[in-house]
Amino acid sequence: MKILVIGSGGREHALAWRLGRDPDASAVLAAPGNPGMAALGPCFHLNLSRPDEAVMLARREGIDLTVVGPEAALDRGIADAFEAAGLALLGPSRLAARLECSKVFAKAFMARHGIPTARYVACDEPEAAIDALSGDLGFPVVVKADGLAAGKGVVIAADRAEAETAIRAAMVGGQFGEAGSRVVLEECLTGPEVSFFALCDGRRAVPIGSAQDHKRIFDGDQGPNTGGMGAFAPSPLVTGDLSGRVMRDVVEPVLAGMAADGTPYRGFLYVSLMLTSDGPKVIEFNVRFGDPEAQVVLPLIDGPLVSRLHAAATGALDPGDAIRLDGCAVGVVLASAGYPASPEVGRAIGGVAEAEAMPGTLVFHAGTRLGDGGLLTAGGRVLTVVGRGATFADARRRAYDAAAAIRFEGMQFRRDIGVKALEAGNEVTR
Ligand code: AMP
Ligand code: GLY
């Protein structure tokens, strides 16, 4: 099967790498791709907001299965365009992608279908939002822009003054543009956060692993939020029992509800969960794989994957065909100086080949480009180095040994990725 991966980050490099190792893959192409993906197969220019261009590319190259990384392409209707063209693509339609792309939609959907999540109020006007602060949500309160805000649209406001500032910035100041014209206010939940992944075919789903992300820039979960500074998989907190509960209480109701609403859900479903004292609750849905979670989950997936993704894309998933993760993985993001506010780019990168040659390690590209003198930094998150092992201790050591082999000016990374997994217990049993 000829596969096309849409996107250009670490998640897409991990998808291309994993799918390329599959016996059912004859070739893995990418659009737009990155220098890491270019080493696996041809990369093509693509404007992600032009679904028609992607259809033309898939037709011209004789693609059997297209797998989409970024939500922006789904929000632009890439799945609808492929469906209309009769081409197999793994990813939800534009209407189904509202589960991620509109928080107001996602909250109303969860309320309608009894899916456990934080209590909330959705507001169209700043005055209504400010009035709602006097309701029973309490403080701290979470203020979220409705639309896609590149992970920056969430403020946990300690008190009324902070909440009012956040509401005004989004709804009056236009901080997030159109995405902030509506907001959701939520009760603030507490507990460990885990990422849970399911593969869905419109009617059925199978779990496809769990992970824990590290969103803050500095060790000990300090400093501003980022796109993710590292992850480990699987999450020791997601036991077999919990996985069954999340499938029953969250994923299956999502599939039934989306199908009943006439917008069946097909693709990866990423459920961000908080494990509260009152049970697991949904923080948000994403309609794609996580980044950097994909870089740690995909290398652990045992057995065929291409045939399963194709089955999901064509409505033919076998729910009895459980996907297993083998071993542990820790992924450390190497970021540019100045990230997340204003990353410096254009610095020479050394040591990638040495890191890749180390046993049990993988290096996935995100913000890199090839210049005249070799590989250069081209974004905030530059590379994800992944260590695999039988235990989290092994996986961590390998990831950090590989990180130590790589250098570029101003390189920053967290030193504590995976420490939580060690604390939770070295062995993952399920
Ligand atoms: P999101 O963009 O929705 O993933 O939110 C970003 C981060 O804000 C999440 O990873 C959580 O850590 C935090 N967050 C979002 N909603 C809540 C909530 N209701 N209670 C506590 N923390 C939250
Ligand atoms: N790891 C967070 C995300 O992919 O949104």
task = Give the order of MET37, MET247 when sorted by the count of other beta carbons within 10 angstrom, beginning with the fewest.
result = MET247, MET37
note = Fraction of alpha-carbon pairs in segment 93-136 farther than 11 Å apart, rounded to whole percent, equals 70 percent
message = So if I restrict to the alpha-carbon atoms in segment 207-311, what is the Rg, and what is Dmax, the biggest pairwise distance, in Å?
response = 14.9, 44
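What does the convex hull of the Cα atoms of segment 39-86 come to per residue, in Å³, rounded to a whole number?
It comes to 83 Å³ per residue, whole-number rounded.
Given a cut-off of under 8 Å on Cα pairs at least six residues apart, what relative contact order in percent is computed for the chain? Mind showing how you got there, number by number?
On the way: 1040 pairs, mean separation 67.1, N = 430.
Once normalised by length, the contact order is 16 percent.
When the convex hull of the C-alpha atoms of the chain is computed, what volume per residue in Å³ does it have? Write down the numbers at each step before the final one.
Numbers: hull volume 57.8 nm³, N = 430.
Given the Cα convex hull of the chain, per-residue volume reads 134 Å³.
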remark   = Hydrodynamic radius by Kirkwood for segment 377-423, inverse mean 1/r across distinct Cα pairs, in Å, is 11.6 Å
inquiry  = Less than 16 Å from a label point 7 Å out along the Cα-to-Cβ axis of HIS113: which backbone N atoms in segment 57-94 qualify, by residue?
reply    = 91-94
query = Among GLY33, ALA170, LEU189, whose Cα lies farthest out toward the positive end of the dipole of the chain, if unit charges sit on the beta carbon of Lys, Arg (+1) and Asp, Glu (-1)?
reply = GLY33
message = Quick one: 3J(HN,Hα) in Hz for segment 39-52, Karplus 6.51/-1.76/1.60 with θ = phi - 60°, rounded, Gly and Pro as x.
response = 6, 9, x, x, 10, 10, 5, 7, 8, 5, 8, 10, x, 5
query = Extent of segment 290-360 along each principal axis, from alpha carbon coordinates, in Å, largest to smallest?
reply = 47, 31, 17
ask   = Taking the Cα centre of the chain as origin and charging only Cβ (+1 Lys, Arg; -1 Asp, Glu), how large is the dipole, in debye to the nearest 20?
value = 580 debye
task = Report, in debye and to the nearest 20, how large the dipole of segment 282-357 comes out about its Cα centre when Lys and Arg carry +1 and Asp and Glu carry -1 on their Cβ.
result = 140 debye
query = What is the projected area of the convex hull of the Cα atoms of segment 1-155, averaged over all directions, in nm²?
reply = 11.4 nm²
task = Quick one: Debye curve from the alpha-carbon atoms of segment 98-250 only, equal weights, vacuum; give me log10 I(q)/I(0) at q = 0.10, 0.14, 0.21 Å⁻¹ to two decimals.
result = -0.41, -0.80, -1.41
message = Could you work out how much longer the chain between SER342 and ARG324 gets when fully extended? Use 0.36 nm per residue separation minus the Cα distance between them, nm to one decimal.
response = 2.6 nm
Scaled radius of gyration (Cα, divided by 2.2 N^0.38 Å) that segment 231-373 gives = 1.29
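Using only alpha-carbon positions, what ratio does the radius of gyration of segment 92-186 give when scaled by 2.2 N^0.38 Å?
Working: Rg = 12.7 Å, N = 95, 2.2 N^0.38 = 12.4 Å.
It is 1.02.
Do the sum for the chain: with -39,500 (n - 2.57) for every DSSP H run of n ≥ 4, divided by all residues, what is the mean residue ellipticity at 222 nm, to the nearest 500 deg cm²/dmol?
-8000 deg cm²/dmol
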message = Percent of Cα-Cα pairs more than 23 Å apart in segment 300-430, please.
response = 46 percent
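Order these by the 10 Å Cβ neighbour count, fewest first: PHE139, PHE176.
Numbers: PHE139 14, PHE176 21.
Fewest to most other Cβ atoms nearby, the residues stand as PHE139, PHE176.
None of the figures in this text is laboratory data; all of them are computed from the coordinates on show. These numbers were taken from a predicted model, which means no experiment stands behind them. Because the Cβ atoms are built from the backbone with ideal geometry, glycine has one as well, and the counts that use them run over all protein chains shown.
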